[in-house]
1. Using the structure shown, select from LYS185/LYS210; LYS169/LYS218; LYS143/LYS225; LYS143/LYS218; LYS22/LYS210 the pairs with a Cα to Cα distance greater than 22 angstrom.
2. Please report the equivalent ellipsoid semi-axes of the range 142-189, computed as sqrt(5 x eigenvalue) of the Cα gyration tensor, largest first, in whole Å.
3. So what are the three principal axis dimensions of the range 67-187 from its Cα atoms, in whole Å, longest to shortest?
4. Tell me, what is the percent relative contact order of the range 117-247, built from C-alpha pairs under 8 Å that lie six or more residues apart?
5. Quick check: at a probe of 1.4 Å, how many percent of the accessible area of the range 166-227 sits on carbon and sulfur atoms?
6. Can you tell me the relative contact order of the range 70-160? Whole percent, Cα pairs under 8 Å, sequence separation 6 or more.
7. Under the definition of Cα pairs under 8 Å and six or more residues apart, what whole-number percent is the relative contact order of the range 21-97?
8. Is any residue of the range 39-66 close enough, with backbone N under 18 Å, to a label point placed 7 angstrom from the Cα of PHE86 along the Cα-Cβ axis, and if so, which?
Amino acid sequence: NLANYIKSLQHKLTSHQALKAKPVEGDLPESPADGVWETAAPMDIRLAGQVVAPPRWQNPSVEMVTIQAIFNDKDIAFRLTWDDPFKDVTHDESKEFKPTQLTKVGAFSSYVEANKMVSRALETFRDSIALQFPVKPPKGTKKPHFIRGSSSDQVHLWVWKADMDAAGKRGSEEGNARGWKQPIKAQAEDGQQISGKAVWDQGRWTVVMKRPLKTDDKNDVQFEKGVFIPMSLNAWDGSNGEHGLIMSLSTWQYVILEAQTPISVYVYAVLAFLVVGGLGIWVMRKVENEVESVEKIS
């Protein structure tokens, strides 16, 4: 049944990986082609069709995204790469799917029929991708729902849109969500802090999104060294008819900012080695002297 399928899907997608963000010196690049990205460890994240909430989608196009992360003392940047045969940079809102077409939520009819209900054609919907993070730092293993959180546990999304990027506007937008029943709410214009660039080349998108590690907005995710921060992905292939909840997505993974080992750690390790070694030599000599004393007496 549907409940068992969803549990199986979540188990299959959840691999408890951690993306290691690499510390770098100097300003972070916004260009996807910058050489520094070659030094950052990549992580492949698998995605599947969104079948948890209506409209449910069983025909996803984006099934894997490769992600990397780098940071300095001020900012963090992510580079996302995925295969997409067509560069979809237009969006026709008039052709968006109306959920009211689903006759009964929760029944089989809550699935979208790929060849009847959505337009799977070029120049209809945009390509897009989103990074999602919890707003509140998780306590233990508890995390928001992986599809847009909930009313009491909101999530923060960084949404890149190909049509906005192609038009020379800000390609990435910060927003918040409190559950899948409501659309992502964009943050105020003066609170938008993401920058970056995108490139489509020979059937592959590469997108960079960069933002300060810390912000003054209580609705933003905040990044700290050495802390495992949950992270998930949403992706849309426009020419495959994907938009809104008709998308592919991942469950929660993690990103961690690698903390550089202070030089004092190495100094203390050497000192400890010398102390222990010296103590061992002293004990051995003491034992030898005691043995010699006993032999002389005997």
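1. Values: LYS185/LYS210 20 Å; LYS169/LYS218 26 Å; LYS143/LYS225 19 Å; LYS143/LYS218 17 Å; LYS22/LYS210 14 Å.
In this structure, LYS169/LYS218 exceed 22 Å between Cα atoms.
2. Numbers: eigenvalues 119, 18, 14 Å².
Over the Cα atoms of the range 142-189, the semi-axes work out to 24, 10, 8 Å.
3. 50, 36, 25
4. Details: 245 pairs, mean separation 44.3, N = 131.
RCO, the range 117-247: 34 percent.
5. On the way: 1690 of 3670 Å².
Roughly 46 percent, rounded to a whole number.
6. Numbers: 80 pairs, mean separation 22.7, N = 91.
Reported as a whole number, the value is 25 percent.
7. Details: 99 pairs, mean separation 24.5, N = 77.
Worked out over the range 21-97, it gives 32 percent.
8. Backbone N within reach: 58-63.
The values are calculated or read from the model by the stated rules, or taken from the named source; none is laboratory data. Small disclaimer: the values here were computed from a predicted structure and weren't measured. Positions of Cβ are backbone-derived with ideal geometry, glycine not excepted, and every protein chain shown enters the neighbour counts. Heavy atoms of the whole protein, side chains included, go into the accessibility calculation; ligands, DNA and RNA do not. Shrake-Rupley method; radii C 1.70, N 1.55, O 1.52, S 1.80 Å.
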